[in-house]
Amino acid sequence: MTISVTRDFALSEDELALLPTDEEVEAYARNGWYLTRKLFTDDEVDALVAASERFYAGERSRTLPARPPRLAYWQPEHGPVQRHNDYVHYEHDDIARILRKPIVGAVAARLAQADEIRVFQSTLIYKPPIAGEPSNVVPWHFDRHYWQTCTSDDMLTAFIPFHDCGVDMGTITMVEGSHRWREIGADDTTTRHFADRDRSDLERMLEDNAAHNQAEVRKVPMLIPKGHMSFHHCRTYHGSGANVSAHPRRAISFHLQPGGNEYRQFHLSTGDAVTYNHDVLVRRTEDGRPDYADPEFCPVLWRNA
Ligand SMILES: O=C(O)CCC(=O)C(=O)O
Ligand SMILES: [Fe+2]
């Protein structure tokens, strides 16, 4: 039997049992992260591996109509560094079909306490199994810094590995409760992606922010079994280490926005306007702003009845 929410947004009874409990929603609000039950079958996860290999070999359902200014886009000529490819939910339908399973959006809606969840971005990630590869290390950051043109403070990310993912692979690691910290005098440089930043700067920024909040830095590595995923709040500090295992660490970061999120103008202290890659791709709202509800790039993933 299916509990019908709307025609498109429905969960089976088995899936209803996969939603976070009230206690788990409270723990997410307190900790800034949540580890899900098994949301994808082994077959679905294996299909993500196969589809991502076809993607890396050049397969696309469509390509972006314009090249945004700060697009992460690994290509074979970049060699054995950490691979990041944005907009995979747009460029590859076999990946998108699995990612967009309603249960993922329904879990996000519970955590964010939102009636609607839309896709914001998806990044296909591959850490090659090279212990000393410097690009595999993801320095401490929180995602809200990259989304200053968004009005919502409740955006969130699902980190979805394509296999059991533990510390040896360099799994994502959360700084517990850091989404509740107040930030020290916001510094313009935080809008710059971690790949463009000095790592020791970011380590220091984490320590300084913790001290400012009289908080301890408690780092919690997410031990994620195949088919499960972790969620983090857009202000939760996170990062990840080297892949010292014998296998590539494969994953998608699936960035999600609550229904109410919209574009806003945001300026640096220099007066320069901040932009997000969507701003050269999505349609405009009636008042001329980039539309973060454009169904081509930011489709609805879940809507409560
Ligand atoms: O790949 C990682 O370990 C971190 C990914 C990340 O920064 C994110 O999911 O927001
Ligand atoms: Fe992140």
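The values are calculated or read from the model by the stated rules, or taken from the named source; none is laboratory data. Because the structure is predicted, anything quoted here is derived from the model rather than measured. A quick note on method: Cβ atoms are made from the backbone with ideal geometry, for glycine too, and the neighbour counts reach across all protein chains shown.
Observations
- The set of residues in region 219-237 that are farther than 12 Å from residue 175 by Cβ and touching a helix residue (DSSP H, G or I) at 6+ places or on another chain (Cβ under 9 Å) comprises 223, 226, 227, 229, 231, 234.
- Extreme residue, farthest from ligand 2 (Cβ to nearest atom), among residues of region 209-224 that are surrounded by fewer than 20 Cβ atoms within 10 Å (Cβ to Cβ) and part of a loop (DSSP other than H, G, I, E, B): 214
- Scoring residue 265 on the criteria (1) in contact with a strand residue (DSSP E or B) (Cβ under 9 Å, 6 or more places away or on another chain); (2) within 14 Å of ligand 2 (Cβ to nearest atom) leaves a single failure, condition (2).
Residues checked against (1) assigned to a loop (DSSP other than H, G, I, E, B); (2) within 23 Å of residue 142 (Cβ to Cβ):
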{"site": "27", "(1), (2)": "no, yes"}
{"site": "30", "(1), (2)": "no, yes"}
{"site": "46", "(1), (2)": "no, no"}
{"site": "60", "(1), (2)": "yes, no"}
{"site": "67", "(1), (2)": "yes, no"}
{"site": "71", "(1), (2)": "yes, yes"}
{"site": "84", "(1), (2)": "no, yes"}
{"site": "89", "(1), (2)": "no, yes"}
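- Number of residues in region 153-197 that are modelled with pLDDT under 95, among the β-branched types (Val, Ile, Thr) and within 12 Å of ligand 2 (Cβ to nearest atom): the value is 0.
- The residue that is surrounded by the fewest Cβ atoms within 10 Å (Cβ to Cβ), among those in region 255-305 that are among the aromatic types (Phe, Trp, Tyr) and under 20 Å from residue 146 (Cβ atoms), is 266.
Okay, residues lined up against (1) over 25 Å from residue 176 (Cα atoms); (2) in contact with a Phe, Trp or Tyr (Cβ under 9 Å, 6 or more places away or on another chain):
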| position | (1), (2) |
| --- | --- |
| 194 | no, yes |
| 210 | no, yes |
| 216 | no, no |
| 249 | no, yes |
| 252 | no, yes |
| 266 | yes, no |
| 282 | yes, yes |
| 292 | yes, yes |
| 303 | yes, yes |
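- Enumeration of residues in region 248-272 that are modelled with pLDDT of 95 or more and small (Gly, Ala, Ser): 251, 253, 259, 260
- Total residues in region 100-150, condition more than 30 Å from residue 76 (Cβ to Cβ), under 12 Å from the mean Cα position of the chain (by Cα) and aliphatic (A, V, I, L, M): 1
- Test result for residue 113, buried (at least 23 other Cβ atoms within 10 Å of the Cβ) and at pLDDT 95 or above: no
- The strands (runs of 3 or more DSSP E) found entirely in region 225-305 that carry 1 or more residues being within 16 Å of ligand 1 (Cβ to nearest atom) are 230-233, 238-240, 249-258.
- Checked against (1) surrounded by 15 or more Cβ atoms within 10 Å (Cβ to Cβ); (2) at pLDDT 95 or above; (3) farther than 19 Å from residue 300 by Cα; (4) not polar (S, T, N, Q), residue 205 passes all but a single condition, namely (2).
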